[in-house]
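First comes the structure, then the notes that go with it.
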Amino acid sequence: MSSLKLRTRRDFGKAIGTAALAPWAAGGAMASPAGTAATGVPSFPANFLWGCATAAYQIEGAAHEDGRKPSVWDTYARTPGKVAGGDTGDVANDHYHRYKEDVALLKSLGVRAYRYSVSWPRVFPEGRGPVNDKGVAFYDRLTDELLAAGIDPWVTLFHWDLPQALEDRWGGWQSRETAKAFADYAAFVARRLSDRVRHFFPINEFVCFIDQGYGTGIKAPGKQIPAGALNQTRHNALLAHGWAVEAIRAAARPGVQIGLAENPQICVPVIETPAHIEAARQAMRELNAPFLTAILEGRYTTAYLSAAGRHAPRFTPEEMKAIASPLDFVGLNVYTPTHIRADRSGAGFAVVPLPSSYPRMASEWLFLDPAVAYWAPRHLAEIWKVKDVYITENGCSSDDRIAADGCVYDTDRVMYLRTHLASARRATEEGWPLRGYFHWSLMDNFEWTDGYGKRFGLYYVDFRTQRRIPKLSAELFREVVRRNAVA
Ligand code: GBH
């Protein structure tokens with residue numbers, strides 16, 4: 001056991017290179033007792049998958065290099081007043097050039113999986129048409145580097161960076177031509193990478209690029225279209241998902257696994273009584289009717305359609321069938337809770353508003369309730385009989401500071417991680433089918449509308465020097481992975 005500890009510590013030190021060597025990493029006071037199982041902390045199941053997640057526009061940089069053309073996020077970030085501090089993803093974490101160093105960070109954490117996203121405009125700069133070989137070559141290099149480090153790549157095909165050309169030509173997701181182009185791009189990437197990549201996510205989080213991109217306009221492309229058009233745009237995105245699932249299966253080597261990386265409202269019963277739990281189940285279906293429920297059931301709920309009235313999307317049975325193409329697993333990005341109580345009137349449930357004193361993390365929207373990590377897999381299994389669930393993102397922002405000794409003591413993130421993992425472990429202990437956990441994020445990065453002002457990483461990034469510094473939470477997560485138990 002002690003030799004194992006020594007070895008991992010040395011890797012850790014090596015991986016952080018010139019970064020300040022944190023005292024706990026150097027083998028000091030914070031080392032935890034070996035053989036934690038003996039201390040009585042129950043483990044996660046054997047083979048529970050530990051990973052970290054990132055997304056292309058948030059880390060890659062190299063925005064104008066090797067043939068990449070702009071995405072809607074390049075345009076949006078350049079529009080004055082849209083992103084905090086006028087930040088853009090032009091350089092971001094310079095991951096395009098530093099991917100080897102970043103893979104070493106993953107290795108030092110001991111994770112077996114890494115969820116990265118492919119930049120569509122790097123591969124097809126115009127969104128369709130001629131492929132950009134130099135762009136593809138980057139994902140070849142990254143994938144090979146990961147595999148050489150013993151880390152399994154899990155690849156997201158769309159994490160919001162729509163090629164600007166498609167926004168210009170078709171109004172982006174407002175047209176199903178974009179959905180068709182997406183399926184072609186997805187098939188191409190699957191064909192190219194599926195000899196080495198065995199897990200694909202077509203789309204990350206529908207609400208963020210549809211409702212926020214075309215409804216409230218607080219994310220790219222920053223449009224505000226009327227209700228009917230918005231519902232049809234939502235439907236187009238679902239079609240893109242369904243057509244991509246079919247296209248990936250047709251193009252990829254046999255046996256690839258395809259799943260979601262969706263952020264539904266995670267409905268947490270206010271108290272765990274049968275009535276509130278039943279209400280939370282109903283709410284989970286109805287509040288997520290436009291995306292998650294439509295995909296898992298192949299239909300829009302009656303309540304969704306009647307609430308939309310004349311603004312309801314138009315669709316055919318064949319389209320709903322494509323949207324519900326069978327998936328191999330369901331991944332959920334798990335952050336903020338929606339508290340639900342039983343209610344005798346109407347729908348049978350009610351959303352309980354958060355008191356103004358409710359605790360939250362550094363991002364305004366990120367309220368703290370570790371129960372989300374328990375209810376996400378349980379709802380999927382109970383409502384939709386899903387057999388394999390992953391938490392494809394979970395994490396928090398924190399006002400990280402480098403202390404006088406060079407370390408980052410993000411004790412709030414440590415608390416967040418510990419409590420959410422304890423809740424995830426409750427799920428596995430009760431037999432709910434949670435198979436793995438990806439932390440958002442490996443390192444601080446471009447946090448969309450918040451620019452570089454909100455930090456979600458296990459590694460602190462000094463964006464002036466590109467130095468990566470392990471936070472206290474990196475050491476915690478590494479210990480969790482090593483023990484396969486909450487540490
Ligand atoms: C994830 O979304 C993303 O997948 C990831 O790229 C991102 O970096 C990470 O979370 C952290 O934010 O502005 O008040 O209307 C999480 C779900 C839903 C969180 C939309 C932010 C906007 C709230 N996101 N939400 S608000």
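The values are calculated or read from the model by the stated rules, or taken from the named source; none is laboratory data. All figures in this text were calculated on a predicted structure; none of them were measured in a lab. Here the Cβ is made from the backbone with ideal geometry for all residues, glycine too, and neighbour counts use every protein chain on show. Heavy atoms of the whole protein, side chains included, go into the accessibility calculation; ligands, DNA and RNA do not. Shrake-Rupley method; radii C 1.70, N 1.55, O 1.52, S 1.80 Å.
Okay, residues lined up against (1) more than 14 Å from the ligand (Cβ to nearest atom); (2) within 16 Å of the chain's Cα centre (by Cα); (3) of a type in the set (A, V, I, L, M, F, W, C):
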position	(1), (2), (3)
207	no, yes, yes
227	yes, no, yes
230	yes, no, yes
233	yes, no, no
238	yes, no, yes
242	yes, no, no
251	yes, no, yes
254	yes, no, no
263	no, yes, no
Pairs returned, first residue in segment 261-289 that is open to solvent by 60 Å² or more (accessible area, probe 1.4 Å), second residue that is modelled with pLDDT under 95, beta-carbon separation under 8 angstrom, 6 or more apart or interchain, are 282/347
Would you mind stating whether residue 419 is among the β-branched types (Val, Ile, Thr) and within 15 Å of the ligand (Cβ to nearest atom)?
no
When segment 435-452 is checked residue by residue, the ones that are over 14 Å from the mean Cα position of the chain (by Cα) and near the ligand (Cβ under 7 Å from one of its atoms) are 449
* To do: Return a yes/no flag: does segment 359-375 have any residue that is more than 29 Å from residue 436 (Cβ to Cβ) and hydroxyl-bearing (Ser, Thr, Tyr).
  => no
Scanning segment 44-92 for residues that are part of a loop (DSSP other than H, G, I, E, B) and of a type in the set (A, V, I, L, M), the one surrounded by the most Cβ atoms within 10 Å (Cβ to Cβ) turns out to be 55
Of the listed residues (337, 355, 377, 370), the one being within 16 Å of the ligand (Cβ to nearest atom) and either at pLDDT 95 or above or out of contact with any helix residue (DSSP H, G or I) (no Cβ under 9 Å at 6 or more places or on another chain) (or both) is 337
Residue 456 fails exactly one of (1) surrounded by fewer than 23 Cβ atoms within 10 Å (Cβ to Cβ); (2) closer than 16 Å to residue 361 by Cβ, namely (1)
- Report yes if some residue within segment 332-347 is closer than 18 Å to residue 176 by Cα, out of contact with any Pro (no Cβ under 8 Å at 6 or more places or on another chain) and of a type in the set (S, T, N, Q); otherwise report no. no
Is it the case that some residue within segment 318-338 is loosely packed, with under 15 Cβ neighbours inside 10 Å and not in a loop (DSSP other than H, G, I, E, B)?
yes
Picking from 211, 195, the residue that is away from the ligand (no atom under 16 Å from the Cβ), among the acidic types (Asp, Glu) and either under 20 Å from residue 242 (Cα atoms) or open to solvent by 10 Å² or more (accessible area, probe 1.4 Å) (or both) would be 195
